[in-house]
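These notes are about the structure you will find just below.
The values are calculated or read from the model by the stated rules, or taken from the named source; none is laboratory data. This structure is a prediction, so every number in the text was calculated from the model and none was measured. Reconstructed Cβ throughout: ideal geometry from the backbone, glycine too, with neighbour counts over all protein chains shown. Remember, those area values only see protein heavy atoms, side chains included, never the ligands or the DNA or RNA. Shrake-Rupley method; radii C 1.70, N 1.55, O 1.52, S 1.80 Å.
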Amino acid sequence: MKTKYIPDLTKQMALCEANYARLLKLMPDIDECQQREFVVDMAQGQSVVCIAVQERFKFTSTLSIVQKPVSEERCDIISALISPTLIVRLYHDAKMAEVISPAKKTQYRGKYSYPNKSMLQIDEKIQLNEYLAQWLSHCLTHGYQHTQVMSASFVDSK
């Protein structure tokens, strides 16, 4: 007999708090910084991870985190498959960060019935947040800054 899936909110909150702390280590000046890129050593070579602020409000920020090959010559179908993009929302008052969606997808719900039309796992959202945690930990361990920080103060306000 199948048991009903009940999300572990304590685990999910702890994961989101840890992801927030990891992101602040990668972008400690997130209030002024618009984008930061890192070169990360991967099994298939080096990749560039770009963290860019998409929206910035008083209590939340929305980031896009993209991984792409270092050289343009590696931009083939295989590279596209292993080059993830995640949209992450930071809740500054709660000190939490969660994946709200992969790029160009709708926002994920906390749980899904299975099977479903999109073939999403019953706990798809927590799996994406766990993936983000592993990805950010890998960046912290094996990454180094690639380009200068683009500061929000340098944006032309004319």
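So Asp93 passes all but one of these: (1) at pLDDT 95 or above; (2) under 24 Å from Glu124 (Cα atoms). Which condition number does it fail?
Here Asp93 clears every test but (2).
State which residue is modelled with the highest pLDDT when the search covers only the stretch 119-158 and only residues that are hydrophobic (A, V, I, L, M, F, W, C) and either at positive phi or in contact with a strand residue (DSSP E or B) (Cβ under 6 Å, 6 or more places away or on another chain) (or both). Break it down into steps so the answer makes sense when it comes.
Initial filter on the stretch 119-158 (hydrophobic (A, V, I, L, M, F, W, C)): 119-120, 122, 126, 128, 132-133, 135-136, 139-140, 149-150, 152, 154-155.
From the residues that got through so far, the ones that are either at positive phi or in contact with a strand residue (DSSP E or B) (Cβ under 6 Å, 6 or more places away or on another chain) (or both) too are 119, 128, 132, 139, 149-150, 152.
Values: Met119: 57, Leu128: 87, Leu132: 94, Cys139: 88, Val149: 48, Met150: 49, Ala152: 48.
Ranking the qualifying residues of the stretch 119-158, first place goes to Leu132.
Could you please find all residues in the stretch 13-29 being in contact (Cβ under 8 Å) with a residue 24 or more places away in the chain, under 15 Å from the mean Cα position of the chain (by Cα) and open to solvent by less than 60 Å² (accessible area, probe 1.4 Å)?
We begin by selecting, within the stretch 13-29, every residue in contact (Cβ under 8 Å) with a residue 24 or more places away in the chain; these are 13, 15-23, 25-27, 29.
If we keep only those that are under 15 Å from the mean Cα position of the chain (by Cα) too, we end up with 15-23, 25-27.
Leu15, Cys16, Ala18, Asn19, Tyr20, Ala21, Arg22, Leu23, Leu26, Met27, listed by residue number.
Please go through the stretch 46-64 and pick out each residue that is touching a His at 6+ places or on another chain (Cβ under 7 Å) and modelled with pLDDT under 90.
Val48 - this is the single residue of the stretch 46-64 that is touching a His at 6+ places or on another chain (Cβ under 7 Å) and modelled with pLDDT under 90.
Conditions tested, residue by residue: (1) open to solvent by 60 Å² or more (accessible area, probe 1.4 Å); (2) of a type in the set (D, E, K, R); (3) under 18 Å from Thr60 (Cα atoms); (4) at pLDDT 95 or above.
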| position | (1), (2), (3), (4) |
| --- | --- |
| Leu9 | yes, no, no, no |
| Asp31 | yes, yes, yes, no |
| Gln34 | no, no, yes, no |
| Asp41 | yes, yes, no, no |
| Gln44 | yes, no, no, no |
